[in-house]
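K.L.:
Handing you a structure now.
Throughout, read-outs are computed from the coordinates displayed, never taken from laboratory work. Just so it is clear, the model here is predicted, and its values are computed rather than measured. Cβ coordinates were reconstructed from backbone atoms using ideal geometry, including for glycine residues, and neighbour counts include every protein chain displayed.
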Amino acid sequence: MTSGKSGRGTGSKKAHVFWDVSGNQFVCLECVGTIEVPVKVLPTVKKTVITYETREGTAKEVSEYKPAAGKLEFPPSTKEQVQFVKVDIVDDDEYEDEMEFFIDLATEDPEGVEIFGPTCAVTIIDDDDPGMLSFKEEQVNVAESAKEVEIAVLRRKGASGKVSCKVSSEDSTAKENVDFEPVEELEVEFDSQEVDASIKLVFPESDKRNRVGKEFRLVMTDPTGGCSFPKDTDGGDDSNICTIVFVSDEENKALIKKAHSSLMDTWEVVKAGGSTWGDQFVAALYCNGSKEEQKEAGKLDWILHILSLPWKLFCACIPPTNYANGWFTFYGAL
Ligand SMILES: [Ca+2]
Ligand SMILES: [Ca+2]
Ligand SMILES: [Ca+2]
C-alpha cells in the first residue's frame, strides 16, 4: 500500500528476512558471554546479503556490550535458512537495573530484499545480587558502665558490588549526649564480596546517672547499590532497627556467668580434669594408659590401642580443663 513499486510483480521474488525471535525481544543474563540472535530467510532464488549493526539504548557500548557490525550472506535455497548475529555481553559485579540495546538489520538491495521488523531489542538482565543488610541482633544489652560497644552489621544472601546504608540513632528512654553519643547518618559501606561491618557506639561518662532499663534505637536506612532490608525483622522493608538496652553491671555479669556455667556443666560430663597436658599425651601413647599397665596388656588390648591411637592423640590435643578455667578446652574441642 505504501509503495507503488512493490506492485510491479517482482514482490514474490523478494527475499523475506526477519528476526527469528518472539516479538523481536531477545533477553539474556549479563553473565551469558556471547549471545547468538537468529535471523531467518525464507526460501530465496538469489543470494541475499543482510548487514547488521548494534545501537546503544540504556545499555551502552563497551561497558555493557561490545559493539558489533557485519554481514550475513545467505545463498539461494529452496529451504528456510537461519544465521546468527553474535554480540559479546560484558559481565561485571555491580548490581544494575535491566538495560537494553538494539541490533538493526539493513539491506543494500531494497528491491530484492524485504526485512520484516529490522530492529531486535536485546535486554540484559543483571545477575549480581547485592544482598540484604541488617543488624546482627534486634536487641543488644549493654552494661551501664560500658564505655563503648561494637554493633555488628551483616550483609547476607548476596555480596555482589558495592553497597551502603545510613545509620542514625534515635532517642527513646535513653537520651542522646546524656546516655549515648548520637550517630548521625553514619555511612556504612561494603565493598564487593564484603559481608561484615560494625558500628562503634560510645557512651559518655556519667557520675551517678542511672541508665539501667533505658533504651534507644539505631535505625538503618537509605540502602544503595540495589541491596535491601529483610522484611521479617524490626524496621521492615524501609529500615532495619536495633534496640540498645542498658542493663546493670551485675545483671550483665550474671548473664555472662550463666552462659559460661551452662557451658562448663556440659563440659563436666566429658572432661578428664586434674591431669596436665603432657600427662594426656603420655597416657595416649601407652597401651592401657601407663608404662606399668602396658606390661600387663594382652593381645586384644594392643589391637584396640593401635586402632584407637589416632583418636587418642587427637583427644590429647584438647587441653585439660584446669587451664584458663575451661575456656581453652572449649575452643580446643571445637
Ligand atoms: Ca553490566
Ligand atoms: Ca555480573
Ligand atoms: Ca552487573
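K.L.:
Please give me, ordered by residue number, the GluC sites (Glu not before Pro) of the stretch 29-79 that lie in loop per DSSP and have at most 16 other Cβ atoms within 10 Å.
P.N.:
Details: sites: Glu30, Glu36, Glu53, Glu56, Glu61, Glu64, Glu73; in loops: Glu56, Glu64.
Filter output for the stretch 29-79: Glu56.
K.L.:
Per 10 Å bin, what is the whole-percent P(r) computed from every C-alpha pair distance within the stretch 1-158?
P.N.:
Using 10 Å bins, I get a P(r) of 9, 29, 21, 14, 9, 7, 5, 3, 2, 0 for the stretch 1-158.
K.L.:
Just to confirm the filter: which trypsin sites (Lys or Arg not before Pro) across the stretch 69-100 are DSSP coil and have at most 12 other Cβ within 10 angstrom of their Cβ?
P.N.:
Numbers: sites: Lys71, Lys79, Lys86; in loops: Lys79.
In loop regions of the stretch 69-100 (DSSP not H, G, I, E or B), the sparsely surrounded trypsin sites (Lys or Arg not before Pro) are Lys79.
K.L.:
What nm distance separates the two modelled labels at Ser172 and Lys136, each placed 7 Å from Cα along Cα→Cβ?
P.N.:
Result for the modelled spin labels: 2.0 nm.
K.L.:
Based on the Cβ-Cβ distance of Glu100 and Lys253, what FRET efficiency does E = 1/(1 + (r/R0)^6) give at R0 = 56 Å, to the nearest 0.05?
P.N.:
Details: r = 61 Å, r/R0 = 1.09.
Efficiency computed from Cβ-Cβ geometry: 0.35.
K.L.:
Could you check the simple spin-label distance between Val32 and Ala146, using points 7 Å along Cα→Cβ, in nm with one decimal?
P.N.:
Using points 7 Å along Cα→Cβ, the separation is 5.1 nm.
K.L.:
Take the Cβ-Cβ distance between Thr123 and Thr51 as r, set R0 to 22 Å, and report the resulting FRET efficiency rounded to the nearest 0.05. Don't jump to the answer; show the numbers that get you there.
P.N.:
On the way: r = 23 Å, r/R0 = 1.04.
For Thr123 and Thr51, the calculated efficiency is 0.45.
K.L.:
For a quick check: with amide H placed at 1.01 Å from N, whose amide H comes under 5 Å from Glu100's, ignoring anything fewer than 5 positions away on the same chain?
P.N.:
For Glu100, whose amide H was placed from the backbone, the distant partners under 5 Å are Thr58, Ala59, Ile124.
K.L.:
Right, another one. Quick check: pseudo-label points 7 Å beyond the Cα along Cα→Cβ at Lys60 and Gln193, how many nm apart are they?
P.N.:
Reported label-point gap for Lys60 and Gln193 is 2.6 nm.
K.L.:
Let me ask something else about it. From the phi angles alone, apply the Karplus equation (6.51, -1.76, 1.60; θ = phi - 60°) to the stretch 71-78 and give each ³J(HN,Hα) in whole Hz, x where the residue is Gly or Pro.
P.N.:
Values, residue by residue: 10, 10, 10, 10, x, x, 7, 8 Hz.
K.L.:
The stretch 175-268: which GluC sites (Glu not before Pro) are DSSP loop and have at most 15 other beta-carbon atoms within 10 angstrom?
P.N.:
Glu184, Glu185, Glu194, Glu205
K.L.:
Taking Cα centroids, how far is the stretch 75-121 from the stretch 215-239 in Å?
P.N.:
Using only Cα atoms to place each centre, the spacing works out to 43 Å.
K.L.:
Between His260 and Asp237, how high is the FRET efficiency from 1/(1 + (r/R0)^6) when r is the Cβ-Cβ distance and R₀ = 51 Å? Nearest 0.05. Write down the numbers at each step before the final one.
P.N.:
Numbers: r = 39 Å, r/R0 = 0.76.
Efficiency for this residue pair is about 0.85.
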